[in-house]
2 protein chains.
Amino acid sequence: MNNVRAAIAAWQSQIGDHAVSVAETTREIYQTATFATTQQIPAVLYPANRDEVQACMVIANEYRVPVYPISRGKNWGYGSRVPVQDGCVVMDLAGLNRIVAFDEDLAYVTLEAGVTQQQLYEFLEERHSNLFFSATGSATDSSLVGNVLERGLGEGPYGDRFAYVCGFEVVLPTGELVHTGFGRFSGAKATPINKWGVGPYLDGLFTQSNLGIVTQMTLWLTPKPKHFEIVWYAVEDDHKLEALVDAIRFLKLSGVVQGGFVIANDIRMLSYHQQYPWAESNGQTPLSPELRQQLNQTWGDGKWSGEAAIYAPNHAIGKVVRQTIEETLAPLVDKLCIFNDEMLHLSSSAFAAQYPGLDQQEAIRWYQENPKRGIPNDLSMSMMYWRKHMAYPHGQWDPDRDRCGLIWYSPAVPFRGSDVRKAVNLLTDIAWSYGIEPSLGLNCITERNINIIAAIVYDRDVPGEDERALCCYKAMCQALNAVGYIPYRLGIYAMNDLPAVQDDYQDVLYRLKQTFDPNHILAPGRYEPKR
Amino acid sequence: MNNVRAAIAAWQSQIGDHAVSVAETTREIYQTATFATTQQIPAVLYPANRDEVQACMVIANEYRVPVYPISRGKNWGYGSRVPVQDGCVVMDLAGLNRIVAFDEDLAYVTLEAGVTQQQLYEFLEERHSNLFFSATGSATDSSLVGNVLERGLGEGPYGDRFAYVCGFEVVLPTGELVHTGFGRFSGAKATPINKWGVGPYLDGLFTQSNLGIVTQMTLWLTPKPKHFEIVWYAVEDDHKLEALVDAIRFLKLSGVVQGGFVIANDIRMLSYHQQYPWAESNGQTPLSPELRQQLNQTWGDGKWSGEAAIYAPNHAIGKVVRQTIEETLAPLVDKLCIFNDEMLHLSSSAFAAQYPGLDQQEAIRWYQENPKRGIPNDLSMSMMYWRKHMAYPHGQWDPDRDRCGLIWYSPAVPFRGSDVRKAVNLLTDIAWSYGIEPSLGLNCITERNINIIAAIVYDRDVPGEDERALCCYKAMCQALNAVGYIPYRLGIYAMNDLPAVQDDYQDVLYRLKQTFDPNHILAPGRYEPKR
């Protein structure tokens, strides 16, 4: 540990004592996730800018101390702020929070790694911009860059978020600096607007990897639609799922709908609406079939329900797009509801007739402040508290602190009813067999692929649940790997859970790591399976 | 050269005498481009499959003989089949011409490197598929994979072609094998439908590079639209270009038009319609302003003209999209013409009234067999013969053989009228100053970027023209580099013409090359500037 002490001293002298924390309470926070972890963190670094990130990496190499960068650390369910391996110093990039460039005409913004969703939203609002961004399902104070680097999914037309960014600024593990795309040429006009640049396209190397620290990137924005509607739909009967999936594939593939569709099961929706019904269940878990059905009737979401937004440049186009969606979905769903500006002007009785069971003010707020418009919110935080006995900590959500249990498992599945059915059945059976309610979201963002996002939600304060949840995850992963549905994204618990490789990929990945990080000091083990 | 002889013997014994050519006539063909080259080629290899590609690379390493892979060698204007450096053995992948997989529902096809546009078109026709692909502007017998790897541009909704492929199979320079995306996992269901896979995204490394030989990839297809129209527009006045560009950016950014727009200048259009007017000009070049104007009036294309297609899943959507396009463009253009199925049923007099000056049968054929529908054709070949005295070799186009002179120069420019104007003026002035007609196409494929494709067209049989054309290219490149418009794609003459780099990119690129190709035997110099 002498080298660690020496490195800490060097970092302190480089970026200041205030920017290097070794306090037990701080380290504790960075060692805590939404599941069991044993990793110890010797210190946390808070560089204020890219130069300091570079200087810190030079020191890390000098003393051979591994560094684990996080942007905002809101990677709940996949590892929060916790490094994959023990003994890493965490580098918190929250201080890199500048919005570096913005262009209203060409619809882009250049951001540092620590810029939050809320910050970008407010930036655009202040400028009365006609542009919006693809918000993620995560919290308002989560990082946009961090989510892109994990190839996360978002709302809106640019939901496959990594597809709509370019011009990375990357600090290599050695402290060297690289700009991707056209960015290596000072003054190149196409840096923020051309994805590929000239020569090999390198951006992908720095996503889901431990090959570099992305300190800056350009994020593309979308003009606000002149016509916006939200389509909500639900099916009562589980067997209607396959046909629904195939119909949505048609809508995506033929270009009718440019944004994503989400299809959630009843458990997922329940966990947004309320916490576990402890009283009604007499404290018994998991949820009984009777209680499940009763709660479904209360909330009215059906077995599967979901949303999609219509973004159109004018009302004429919006209207016919809506008609096409309605004609496609109506024969397949039990409920179909359109939310649009007309709703704002309905009398309360007309509203009640058209949207039975909905609170008018709440529905209007939900419609007007929807993440599909690029307005981030914390509404999805509640689901992590599903099995907790404490009340929702509104405005102070912190699932790590509150010992919420959450493990995500997210296989990629072909956009086809039969594939989705097979995967969903396996996940559902495995979840119940571990005493956990199957909480499933089907993210239909691109045209051919669905990312199933399964949540294993539990209470870390219940003895044995940490172990049980991890076993449940392992069982899901093993069962789905066996039939070819592989995770699209990995938690820190999952880096070695991919199937065996049939080619020379592992060697190549190792050599790439060696090339970029000869001392293996950047985020060791992250997306780097053991050989 | 002893090692070359030994390598040839080893290749002959490995893949057969018939698959290794050292014939002078063959080598001559592979040494010829549409501009001056001096590179000598010791031999040409014709592997029949991936295993043979791997075995050939093992031999290349053993004897340290550089190998330069081509897919179909139709890279006219950028280098045809000719290696960047002298002394490379060419590996012709035409033998890898299998269509490996096809899925009508999920809309993809998996191709080997040698599959041609025409081959895929016929494959889909035979199966009565409801799918089509993004055809390139190149010839029917050009490779689809080759174009994607150069990050070429295509017609149709998937014109940014590299954005719509995945699942590469790559033979590394060492002979090792790597599958990108989910492909490294045998049986992974998402390999052909998920672009990114899990872990670092590697596909980009193998585009515009010399890091691997892509032997196979999956190409995404689009459902044939239920409603298809082509919008044609022209402006008479050069000064209307800026406003037109800005309006088209609106149509792209707001999602009205999913396919690309092309805007061509009068010279470009002229060179499609006819060869240089040798008689009218008394053999003088370049074209005089008077003759230029006279020919423009004959063909009626205006100073700038272009096309875009409407792809809609039904007529209701198609109709309002067309209205939006018409409303947007009409105030800005001098001519606006819509070609759609209604045209097929017009009487000849009604046709003549609606489409003055057009031949009805020809227009119908053009509309029905348009590359925008995924039907490749050779119509763009004629432009390379603009300055030739020989007649068009219909059905036997071969610009290398026929000593057509063509050098492409393709800077990336922000999608903004003022940027386009600046670049266009520079290119125009430079072309004329070298006695060459400025032949410009503005490829508006994505939302924020325009690739200007300038053609330097000449006759290689005229002494001095090879040198003059190269000087013209150099002058364009220098002038546009200086103001920040950098080429998006490089010819073999251009690999060292990029501006100086402001970061550690060059070192990283060199180390990457070292990692993938320790003996530097794959396509040396290709997208690998001298350090």
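The values are calculated or read from the model by the stated rules, or taken from the named source; none is laboratory data. Everything numeric here is computed off the predicted structure, so don't read it as measured data. In this analysis, Cβ positions are derived from the backbone assuming ideal geometry, glycine residues included, and neighbour counts consider all displayed protein chains. What goes into the accessible areas is simple: the full protein's heavy atoms, side chains included, and nothing from ligands, DNA or RNA. Shrake-Rupley method; radii C 1.70, N 1.55, O 1.52, S 1.80 Å.
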Scaled to the compact-protein estimate 2.2 N^0.38 Å, what is the alpha-carbon radius of gyration of chain A, rounded to two decimal places? 0.98
Burial-style ranking of B:131-142, A:518-529, average other-beta-carbon count within 10 Å with highest first, yields B:131-142, A:518-529
Setting aside same-chain residues fewer than 8 positions from residue A:513, which aspartates and glutamates have a Cα under 13 Å from its Cα? A:528
Assume the label is 7 Å from Cα along Cα to beta carbon: what separations in nm does residue B:187 have to the matching positions in the other copies? 5.8
Apportionment of accessible area to carbon and sulfur, the protein assembly as shown, percent (1.4 Å): 50
Chain B: calculated mean residue ellipticity at 222 nm from DSSP helix runs of at least 4, using -39500 (n - 2.57): -9500 deg cm²/dmol
Relative packing of peptides A:107-116, B:232-241 - highest average C-beta neighbours within 10 Å first: A:107-116, B:232-241
What the Cα atoms of the protein assembly as shown span along the principal axes, largest first and in whole Å, is 98, 73, 53
Scalar couplings 3J(HN,Hα) for region A:293-298 by Karplus 6.51 cos²θ - 1.76 cosθ + 1.60 (θ = phi - 60°), nearest whole Hz, x for Gly and Pro, are 5, 4, 5, 4, 5, 4
Once R0 is set to 45 Å, what does the formula 1/(1 + (r/R0)^6) return for the Cβ-Cβ distance between residue B:519 and residue B:483, expressed as a FRET efficiency to the nearest 0.05? 0.70
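Counting partner chain Cβ atoms within 10 Å of every residue's Cβ in B:315-327, what's the average?
For peptide B:315-327, the averaged partner shielding equals 4.
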Using the Karplus curve 6.51 cos²θ - 1.76 cosθ + 1.60 with θ = phi - 60°, what ³J(HN,Hα) values do you get for each residue of region B:32-47, in whole Hz, with x for Gly and Pro? 10, 10, 8, 7, 5, 9, 10, 5, 9, 10, x, 6, 10, 9, 10, x
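Using the alpha carbon gyration tensor of region B:286-363, what are the three equivalent-ellipsoid semi-axes (square root of 5 times each eigenvalue), largest first, in whole Å?
28, 18, 10
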Any idea what the residue A:123 label distances to the other copies are, label 7 Å down the Cα→Cβ vector, nm, shortest first? 4.4
For region B:46-149, with every protein chain kept in place, what is the accessible area per residue (1.4 Å probe, Å²)? 32
FRET efficiency (residue A:335, residue A:429; Cβ distance; R0 25 Å; to 0.05) is 0.40
Starting at the first residue of region A:137-147, write each ³J(HN,Hα) from the Karplus equation 6.51 cos²θ - 1.76 cosθ + 1.60 with θ = phi - 60°, in whole Hz, x for Gly and Pro. x, 7, 6, 4, 9, 8, 7, 6, 5, x, 5
Could you pull out every one of the aspartates and glutamates with an alpha carbon less than 18 Å from that of residue B:335, ignoring same-chain neighbours closer than 8 positions? B:229, B:236, B:237, B:238, B:242, B:246, B:266, B:301, B:307, B:326, B:327, B:359
Extending each Cα 7 Å along its Cβ direction at residue B:58 and residue B:141, get the distance between those two points in nm, one decimal. 3.3
Please give the net charge around residue B:520, taking every other residue with its beta carbon less than 10 angstrom from that of residue B:520, where Lys and Arg add +1 and Asp and Glu add -1. 0
Quick one: Debye curve from the C-alpha atoms of region B:99-223, no solvent, what's log10 I(q)/I(0) at q = 0.15 Å⁻¹? -0.64
Modelled label-to-label distance, residue B:360 and residue A:418, 7 Å Cα→beta-carbon offset: nm? 4.8
Average beta-carbon neighbours from other chains, 10 Å sphere, peptide B:522-528: 1
What does the average come to when, for each residue of peptide B:199-212, you count the partner chain Cβ atoms lying within 10 Å of its Cβ? 6
Placing a label point 7 Å from Cα toward Cβ, how far apart in nm is residue B:401 from its equivalents in the other copies, listed shortest first to one decimal? 7.7
Computed from the beta carbon distance with a Förster radius of 45 Å, FRET efficiency for residue A:506 and residue A:18 to the nearest 0.05 stands at 0.60
Buried area at the A-B interface (accessible, heavy atoms, 1.4 Å probe, summed, Å²): 7500
Diffusion coefficient, µm² s⁻¹, Stokes-Einstein with Kirkwood Rh over alpha-carbon pairs of region A:250-338 at 4 °C and 1.567 mPa s: 85
